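This report refers to the structure that appears directly beneath it.
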Amino acid sequence: MSKKIFSGVQPTGNLHLGNYLGAIKNFVELNNEKDNECFFCVVDLHAITTKQEPKELKKNIRETAATFIASGIDPKKSIIFNQSMVSAHSEAAWILSCVSKIGWLNRMTQFKEKAGKDKEKASIGLYSYPVLMAADILLYDTTHVPVGDDQKQHLELCRDIAQKFNNDFNAPEFLRLPEPLIQKEFSRIMSLKDGLKKMSKSDPSDLSRVNLTDDKDQISNKIKKAKTDPLPIPSELNDLSQRPETANLLGIYSSLKNQNLEKSINEFNGKNFSEFKKKLSEILIEKIEPISKEIKKLLKDEKYLDTILLEGSQKADEIASKKIKEIKKLVGF
Ligand code: AQP
């Protein structure tokens, strides 16, 4: 069955291994499946929910598009576009925010994590971020949304919003309820410095993540410095439950090798970390360095990247503007 795929990445800089293994690697596979119709969006409206420097944002928008292409998404086959260039996203977000319940949004754990202790100072945009995400997805009659595990709750909310809109406006199945595509394993990559914290762009320590623009030396230096524990690699999966850093590094290795955790444990069982880290660096360099080199090459051609985004946005706009017209009609505008 052909799928309609939508997913986005925020252009907030420092795209990392977590973004790659949790989301972009999956985008590439879906791009390569024959009959899929894919939309990969640089979600700049989401990015401004936290303060962005305008010049940096512009640079990061191009870098995100370059990362998509360098990772293997073919802009001739998939639509790569810029969220802010398609005004239907903002319009649909407003309308959907009027059917969404405050109680639903209050349950979103990502807002709690990102807003931190001082919620009063967080932007309204950060709070209503999941409604904009629902608008993004629903405008394209998306069937499947490939995301990392951290976005699962937002996708469930998107389904609730769609259902509520359809009920409120007596339009059964008008907004299509999308399915999440979350990998069973390795869907949450953790920080290299703390196995209990998500690998994240906004972590102040660059040593906490492998950036997709890192070169060979940076990658091997970060793996050398990655936190471990004093025990050797275990022989049983169960022994990993109290060892988050070890579990994370073995997870990264397994994901890059496309093999299960058990196989990796068997490979390194009883060995010390220096031997494992050497192999981990090798596979990371093999998989990430070509992407990093290609990103840098693509970034030199701003005109090419801007054209991809402009043409992609025009194609997306054709579809989204039809859907928003129908939404407005149902609402009574
Ligand atoms: N650590 C992660 N493990 C697995 N998947 C991840 N994703 C992000 N971090 C991890 C997935 O990457 C996609 C794009 O994410 P995003 O750019 O929209 O924003 P995010 O999830 O907020 O990413 P960060 O790195 O955590 O950013 P900051 O530091 O700004 O909060 C999504 O599919 C996400 O699941």
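Ala23 meets all of the listed conditions (1) within 10 Å of the ligand (Cβ to nearest atom); (2) open to solvent by less than 10 Å² (accessible area, probe 1.4 Å); (3) small (Gly, Ala, Ser) but one, namely (2). Scanning region 99-111 for residues that are open to solvent by 90 Å² or more (accessible area, probe 1.4 Å) and not in a loop (DSSP other than H, G, I, E, B) yields one hit, Ile102. Of the residues making up region 169-189, those that are farther than 22 Å from Gly8 by Cβ and either buried (at least 20 other Cβ atoms within 10 Å of the Cβ) or touching a Leu at 6+ places or on another chain (Cβ under 9 Å) (or both) number 5. Being at positive phi, in contact (Cβ under 8 Å) with a residue 24 or more places away in the chain and in the same structural domain as Lys112 (by TED's automatic domain parsing), is that true of even one residue in region 13-27? Among the residues of region 13-27, at least one is at positive phi, in contact (Cβ under 8 Å) with a residue 24 or more places away in the chain and in the same structural domain as Lys112 (by TED's automatic domain parsing), which makes the answer yes. Quick check: anything in region 180-203 within 11 Å of the ligand (Cβ to nearest atom), assigned to a helix (DSSP H, G or I), closer than 28 Å to Ala247 by Cα and not hydrophobic (A, V, I, L, M, F, W, C)? No, region 180-203 contains no residue that is within 11 Å of the ligand (Cβ to nearest atom), assigned to a helix (DSSP H, G or I), closer than 28 Å to Ala247 by Cα and not hydrophobic (A, V, I, L, M, F, W, C).
Residues in region 206-265 that are among the basic types (Lys, Arg) and part of a loop (DSSP other than H, G, I, E, B) were compared, and the one that is nearest to Lys184 (Cα to Cα) is Arg243. Against the condition more than 16 Å from the ligand (Cβ to nearest atom), open to solvent by less than 30 Å² (accessible area, probe 1.4 Å) and more than 22 Å from Leu298 (Cβ to Cβ), how does Ser87 come out, does it pass? No, not satisfied.
Entry remark, region 112-141: residues being outside any helix (DSSP H, G or I), more than 14 Å from the ligand (Cβ to nearest atom) and either within 15 Å of Arg159 (Cα to Cα) or touching a helix residue (DSSP H, G or I) at 6+ places or on another chain (Cβ under 9 Å) (or both) number 3 in total.
The values are calculated or read from the model by the stated rules, or taken from the named source; none is laboratory data. Note that this is a predicted model, so its numbers are computed, not measured. Cβ: placed from backbone, ideal geometry, glycine included. Neighbour counts: every protein chain shown. For accessibility, only protein heavy atoms count, side chains too; no ligands or nucleic acids. Shrake-Rupley method; radii C 1.70, N 1.55, O 1.52, S 1.80 Å.
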